[in-house]
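Working notes for the structure below.
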Amino acid sequence: MVLKAQRAPLELVEVADPKPGSGQILVRVRACGVCRTDLHVADGELREPKLPLILGHEIVGLTEDGRRVGIPWLGWTCGECAYCRAGRENLCDRARFTGYHLDGGYAEMAVADERYCFPLPDRYSDVEAAPLLCAGLIGHRCLRMTGDARRLGIYGFGAAAHLVAQVAKHEGRAVYAFTSPGDVEAQRFALELGAVWAGSSLQKPPDELDAAIIFAPVGALVPLALKALAKGGTVVCGGIHMSDVPSFAYDLLWGERVVRSVANLTRRDAEEFLALAARIPLRTRVTPHPLAQANQVLAELRAGRIVGAAALQP
Ligand SMILES: [Zn+2]
Ligand SMILES: [Zn+2]
């Protein structure tokens, strides 16, 4: 499924099998998760993608010699810039991302730099493992940025939230889930996964929060989340794109409250999180769809109609 121009539907076309370059592996795609970032690329909110482009950065693939690997968003880093040398390769000036600068997994075959691929825990099927590769990894990085926050708000209860909530509960934290007003199904799902409270993002939670993670791409949630925080609390913005954050009174930030973003992932995040996912274990809720339905699945994600995560299978 090929993106030929932004803001145009993907097209089902036959392309030549990708040829692995030096250091790359060729995989047969078993499943590829659908992530909100794919929408931001397709809809033109992320600029200058490779075109034509194959989207998809939650790739579960089989190598020619039968190894199952996961291919995430971080596809390549320079290893030389100040960020890379400081162990912050997620901020690399020249980083290249799967399904954005590099062809991704909305396809039958994919190639990837082997140094950025990971073995996946056996207990997850191909479809179940797909959302671990971005929703899980980015969620994990976001959760780490909240420190030891005990009362944790999550704004936007989609693919990433449904995994973070389980990890947070496993760590003894209390999860408060915020959804779009009236999204009763997502609220019920959050409670099923162990949230202590679920409601609309316009509601005030019953307790002050020590931290909040915002996964919804809605800047107006930043002041709302700040309002729900106790002093010293942190708001972590986990998405790659967000609408503008409205201005707000300094009072909301006062009391050593913090607003920060989380960008991309490091390979260390992936190793840590996949080990954790093997141990806990997480229950991933993933609806599989045939690859040719990619446009419909993206439309459902845009409309907020996916509960949990979705994946495509060739
Ligand atoms: Zn670098
Ligand atoms: Zn993603």
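The values are calculated or read from the model by the stated rules, or taken from the named source; none is laboratory data. The shown structure was predicted, so the numbers you read here are calculated from the model rather than taken from an experiment. All Cβ positions, even for glycine, are placed from backbone atoms using ideal geometry, and neighbour counts span all protein chains on display.
Points to keep in mind about this one:
- Only residues that are within 15 Å of residue 7 (Cα to Cα) and of a type in the set (Lys, Arg) were counted across region 293-314, and they come to 1.
- Any hit, region 115-137, residues being modelled with pLDDT of 95 or more, within 16 Å of ligand 1 (Cβ to nearest atom) and at negative phi: yes
- Number of residues in region 151-184 that are among the hydrophobic types (A, V, I, L, M, F, W, C), touching a helix residue (DSSP H, G or I) at 6+ places or on another chain (Cβ under 6 Å) and under 20 Å from residue 202 (Cα atoms) equals 5.
- Hey, residue 39 over 23 Å from the mean Cα position of the chain (by Cα) and in contact (Cβ under 8 Å) with a residue 12 or more places away in the chain or not: no
- The single residue among 205, 223 that is touching a helix residue (DSSP H, G or I) at 6+ places or on another chain (Cβ under 7 Å) and part of a loop (DSSP other than H, G, I, E, B) turns out to be 205.
- Taking region 1-108 as the region of interest, the strands (runs of 3 or more DSSP E) fully inside it that hold 1 or more residues being within 16 Å of ligand 1 (Cβ to nearest atom) are 74-76.
- Screening region 149-182 for residues that are of a type in the set (D, E, K, R) and touching a residue at least 40 places away in the same chain (Cβ under 8 Å) and picking the one that is surrounded by the fewest Cβ atoms within 10 Å (Cβ to Cβ) gives 150.
- Verdict on residue 53 being surrounded by fewer than 18 Cβ atoms within 10 Å (Cβ to Cβ), modelled with pLDDT of 95 or more and either of a type in the set (A, V, I, L, M) or within 16 Å of ligand 2 (Cβ to nearest atom) (or both): no
- Residue check for residue 196: within 25 Å of residue 309 (Cβ to Cβ) and in contact (Cβ under 8 Å) with a residue 40 or more places away in the chain: no
- Residue list for region 85-95, filter: within 23 Å of residue 25 (Cα to Cα) and more than 16 Å from ligand 2 (Cβ to nearest atom): 89, 92, 94
- Taken as a whole, the condition of being more than 16 Å from ligand 2 (Cβ to nearest atom), in a strand (DSSP E or B) and surrounded by fewer than 17 Cβ atoms within 10 Å (Cβ to Cβ) does not apply to residue 268.
- Of the residues 63, 98, 77, 146, the single one that is within 15 Å of ligand 2 (Cβ to nearest atom) and polar (S, T, N, Q) is 98.
- Test set (1) buried (at least 24 other Cβ atoms within 10 Å of the Cβ); (2) in contact with a helix residue (DSSP H, G or I) (Cβ under 7 Å, 6 or more places away or on another chain) - residue 41 fails condition number: (2)
- Subset tally (residues that are crowded, with 22+ Cβ neighbours inside 10 Å and farther than 20 Å from residue 150 by Cα) for region 184-206: 2
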